[in-house]
Amino acid sequence: MNTQKTNSLGPFLVLTFIYFIVGFLTTVNGQCQGPLKIAFLAHTDELRNTFTTLISFFFFLGYLLNSTLGGKWINNYGYKKTLIRALIVMVSGLLTYFLSSWFAVNYGDLSLQIASDSVPYGFFIFLLGSYLMGTSAALLQVVINPYIAAYELPRTQPVQRMNIVCAINSIGTTIAPFFVTGVMFAGVSLDNVRAGQLMVPFMAIAICVAVITIVTGRLRLPDIQGTRTEQGEKLERSIWSFRHLALGVVAIFFYVGAEVSIGVNVNLHAMELDREGEMLSPALLATLYWGGLMVGRVISGLFNKISPRMQLTFTTSVATVLTLIAIFTNNLWVLVSVGLCHSVMWGCIFTLAIKGLKKYTSKASGIFMMGVFGGAVFPVLQGMMADVLGSWQWTWMIVVVCELVMLYYALWGSKIKDEECLTEN
């Protein structure tokens, strides 16, 4: 295994840029829910919200089914080769998006009857693209998260580096809603959106990512010593024997569920209120939410002495209060302010979950990323609740439950017990 101790900024910057792409395309996928609700699901009624939220469900299904594959690839092939493979999967997902739009334009009459709803086949192709994109995002994060946490830079701690990288990721999530409305569907009202408008943007993005893949393949990305097993080496313990990691998977499951539910469903709630006479901009609300994550991460990246446990305790407590206020007042402006609190939670939970795991780290990263499947479960559950209740207002109680689970992890679940300590170097 090619290992090198280095403080070079190059690998850090490369992975940070790729993390930006992950954030951008994750949010593009989620923000397509509103337009695709019009373009693909115009003839659905009974389960319209449920079908719409399946876009996010299939994206995060890729995390559940393929995250552990990333850990295996890192142990067998190293960080760089796993990174390149993940980027190739991303290109495949983008081309599948293109295919879904092309199919809808040329074979739009072909559809599947589900209950009283008629769903075009092009929509199911888009769901396949979402699954591939989620798989690529999972594999990329399995590489980037432990690498950034272990890649030492002067005068920084792991949670600080994670928050810096996540801040750049949030820049991508912040500009993505305006990319969807201003580039992909520019100058077209939501009621007039057509599937054909997806073809050129997704083909252009696929070409850009393909170029990035080629360039990254020529760059040097040294392995991090002590974070993965040597070839043929066996791990003595089950990865699930580490209580703080296992509970960390649970915590990230609820965190991503809360983060994505607000990020992708706040625009659907805004559309509902717009029909009731309130003038709200879905794109602006989503941008403010993701922008809050960016601002919070930039600010937290400046501090290197506040422990991740303390940060997580404070932010989950505040987020719970803000969400309850938003529910009882039906105020989406208060709801999106929760993004400021969500900004540091990912980095805090990850660094707490992998603390002290040494050569178990790469495998732990793959297991940890399985928890991101919460981003598939909670938005769909919320969509189903909205169909049953006839409104989105009280469905945000799901977010309150998620915040309380993370607060438990901060206070008790993240503590490392004596029997979990590793003594080997």
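The values are calculated or read from the model by the stated rules, or taken from the named source; none is laboratory data. Fair warning: this is a prediction, and the values are worked out from it, not measured in the lab. Positions of Cβ are generated from backbone atoms using ideal geometry, with glycine treated the same way; all protein chains shown enter the neighbour counts. Ligands, DNA and RNA are stripped out before the accessible areas are found, and what is left, the full protein with its side chains, is counted by its heavy atoms. Shrake-Rupley method; radii C 1.70, N 1.55, O 1.52, S 1.80 Å.
Applying a threshold of 7 Å to beta carbon distances and a minimum spacing of six or more residues, or different chains, the list of pairs starting in region 100-116 at a residue that is in a helix (DSSP H, G or I) and ending at one that is surrounded by 18 or more Cβ atoms within 10 Å (Cβ to Cβ) and β-branched (Val, Ile, Thr) reads Ser100/Ile125; Phe103/Ile125.
Given the criteria in contact (Cβ under 8 Å) with a residue 40 or more places away in the chain, open to solvent by less than 10 Å² (accessible area, probe 1.4 Å) and closer than 28 Å to Met384 by Cα, does Leu83 qualify? Spelling it out, it is not the case that Leu83 is in contact (Cβ under 8 Å) with a residue 40 or more places away in the chain, open to solvent by less than 10 Å² (accessible area, probe 1.4 Å) and closer than 28 Å to Met384 by Cα.
For the criterion of being surrounded by fewer than 16 Cβ atoms within 10 Å (Cβ to Cβ) and either touching a His at 6+ places or on another chain (Cβ under 7 Å) or at pLDDT 85 or above (or both), Ser136 fails.
For (1) over 19 Å from the mean Cα position of the chain (by Cα); (2) surrounded by fewer than 24 Cβ atoms within 10 Å (Cβ to Cβ); (3) under 30 Å from Gly34 (Cβ atoms), each residue gets a yes or a no:
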residue	(1), (2), (3)
Thr320	yes, yes, yes
Ile325	yes, yes, yes
Ser337	no, yes, yes
Met345	no, no, yes
Cys348	no, no, no
Leu352	no, no, no
Ser365	no, no, no
Met370	no, yes, yes
Val388	yes, yes, yes
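Only one of the numbered conditions (1) part of a helix (DSSP H, G or I); (2) of a type in the set (A, V, I, L, M, F, W, C); (3) open to solvent by less than 50 Å² (accessible area, probe 1.4 Å) is violated by Ile164, and that is (3). Candidates are the residues of region 65-80 that are at pLDDT 90 or above and aliphatic (A, V, I, L, M); the one that is surrounded by the fewest Cβ atoms within 10 Å (Cβ to Cβ) is Leu65. Hey, does region 178-190 have a residue that's touching a strand residue (DSSP E or B) at 6+ places or on another chain (Cβ under 6 Å) and within 17 Å of Ile55 (Cα to Cα)? No, region 178-190 contains no residue that is touching a strand residue (DSSP E or B) at 6+ places or on another chain (Cβ under 6 Å) and within 17 Å of Ile55 (Cα to Cα).
Would you be able to tell me the number of residues in region 272-289 that are at pLDDT below 85, open to solvent by 10 Å² or more (accessible area, probe 1.4 Å) and of a type in the set (A, V, I, L, M, F, W, C)? The qualifying residues number 4.
Residues are listed down the side, and each one gets a yes or a no for (1) on the phi > 0 side of the Ramachandran plot; (2) out of contact with any Phe, Trp or Tyr (no Cβ under 7 Å at 6 or more places or on another chain); (3) of a type outside the set (A, V, I, L, M, F, W, C):
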position: Phe314; (1), (2), (3): no, yes, no
position: Leu335; (1), (2), (3): no, no, no
position: Gly339; (1), (2), (3): no, no, yes
position: His342; (1), (2), (3): no, yes, yes
position: Leu352; (1), (2), (3): no, yes, no
position: Met369; (1), (2), (3): no, no, no
position: Val377; (1), (2), (3): no, yes, no
position: Gly383; (1), (2), (3): no, yes, yes
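Screening the candidates Leu15, Leu25 for the property of being open to solvent by less than 40 Å² (accessible area, probe 1.4 Å), within 23 Å of Gly182 (Cα to Cα), part of a helix (DSSP H, G or I) and aliphatic (A, V, I, L, M) yields one hit, Leu25.
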